[in-house]
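S.K.: Before I ask anything, here is the structure I am working with.
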Amino acid sequence: MTASGGTYRPLADRLRPQSLDEYVGQSHLLGAGAPLRRALESGRPHSMILWGPPGTGKTTLARLAATGAQAEFIAMSAVLAGIKDIRAIVERARNLRGTRDTVLFLDEVHRFNKSQQDTFLPYVEDGTLIFIGATTENPSFEVNNALLSRARVYVLKPLTAEDLGKLLDRALSESERGLGQMNLQVEPGARELLLAGADGDARRMLNLLETAADLSVADGAGRRLDVDTLRAVIGSTYVRFDKGGESFYDQISALHKSVRGSDPDAALYWLCRMLAGGCDPLYIARRALRMASEDIGNADPRALSMALEACAVYERLGSPEGELAIAQAIVFMACAAKSNAIYTAYQLATEDATKLGSLEVPLHLRNAPTRLMKELGYGKGYRYAHDEPDAYAAGERYFPDDMPDRRYYDPAPRGLEIKIGEALAARRARGTQSGS
């Protein structure tokens, strides 16, 4: 739709809420009596960071904060702005001080480096600027602690289907700002597909709707939007996934914990969710190797082999055969017996190895390839295990002389480690008898 005067404005921009009553979603922040709502309604906004996925209303909240305070609203993107731009804004805010406040809205604040953030920090502190930052990344990782301490963080959530439905109805009914003049009827199946395809993103939903509306078919005095048309507009399923961002690590964490928790169905879901979002399958396959050692270990050593083979299959065959091999390994590991005994033992042994310093190797454990070494006692008294009953030298000691015996490895009573534990217990019993 082209606005009068030939100036095009996207539907998402035209429908941007002009008051808190028009704002859809984020009821946990803007419900009756909520602190953020009270601050905005009072006309005394504070510096804040709005953290949430795309299309959840971060920019709109910043605009409403400035409008409610009758403040100057200056918006800039951290992608495009530099220190010079910040200094110009500070000068502008200084000139306005005493007549009206200045709200600086910095989109994608996580893109600013430390020195850029430090540039406007003093002016946030002295009140020259009311700072509102927007980010899709966890601000505790991306924003300076000094700035975080001066701005309250609000977490915005993806819009629910109910929230999106309200916004859709408004877009279809409003004539001046929406598509009401088209008398567009959206088939139930198309509506459901549109709400699902938006994936909690209001801007995405309105953009899809606007494109689909232009392709809708005439139907009497209006137009009709069917499933086939909308499916063609949406294309492949959209799934939020930021390679290297917090969403990335949240999802790999969910996959790992599902495998650890022995839930093959949830593990398969998170695997496919990450693949659908564009994650490198080899990254998942490498993480599977870690899962195999950390959470299964010797309870079922086949898990490590399967994870390694899945890597090899993907490297050799690529897609889609490679992804299927990874899925096979993930499901197997989720169903396998679990043990973190190796992981725990490794951590304990590492702690001793770093804490106890460079303890010498006992003489009887040293090789003696030269006559001098033999004369110095290298290898003297060593008992060759294969010459002993059951290939076990009962009572032989392998730790450094100045270090007490340790037991790092405690096999779990599951899977193959049941038998490993029984064998170790039997050997230890023989060693105790030999030493008595």
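Values quoted throughout were computed directly from the atomic coordinates according to the rules given, and no laboratory measurement underlies them. Model, not experiment: these values are computed from the prediction. Note: ideal-geometry Cβ built from the backbone for every residue, glycine included; neighbour counts use all protein chains shown.
S.K.: Within region 67-96, work out how many residues are part of a loop (DSSP other than H, G, I, E, B), free of Cβ contacts under 8 Å to residues at least 60 places away in the same chain and not polar (S, T, N, Q).
M.R.: The number of residues fulfilling the criteria is 6.
S.K.: While we're here: Can you work out which of the residues in region 416-436 that are more than 30 Å from residue 303 (Cα to Cα) and not β-branched (Val, Ile, Thr) is surrounded by the fewest Cβ atoms within 10 Å (Cβ to Cβ)?
M.R.: Filtering region 416-436 for residues that are more than 30 Å from residue 303 (Cα to Cα) and not β-branched (Val, Ile, Thr), the one surrounded by the fewest Cβ atoms within 10 Å (Cβ to Cβ) comes out as 436.
S.K.: From the list 413, 400, which one is in contact with a Gly (Cβ under 8 Å, 6 or more places away or on another chain) and surrounded by 10 or more Cβ atoms within 10 Å (Cβ to Cβ)? Please lay out each step first, then the result.
M.R.: Working: 400 fails: in contact with a Gly (Cβ under 8 Å, 6 or more places away or on another chain).
Testing whether each residue is in contact with a Gly (Cβ under 8 Å, 6 or more places away or on another chain) and surrounded by 10 or more Cβ atoms within 10 Å (Cβ to Cβ) leaves just 413.
S.K.: Follow-up question, since we're still on this one. Part of a helix (DSSP H, G or I), more than 51 Å from the chain's Cα centre (by Cα), of a type outside the set (Lys, Arg) and exposed (fewer than 15 other Cβ atoms within 10 Å of the Cβ) - does that describe any residue in region 344-367?
M.R.: no
S.K.: Can you name every residue in region 57-66 that is part of a helix (DSSP H, G or I) and touching a Pro at 6+ places or on another chain (Cβ under 8 Å)? Quick ask: steps written out before the conclusion?
M.R.: Restricting attention to region 57-66, the residues satisfying the condition of being part of a helix (DSSP H, G or I) are 58-66.
Result: 60, 64, 65, 66.
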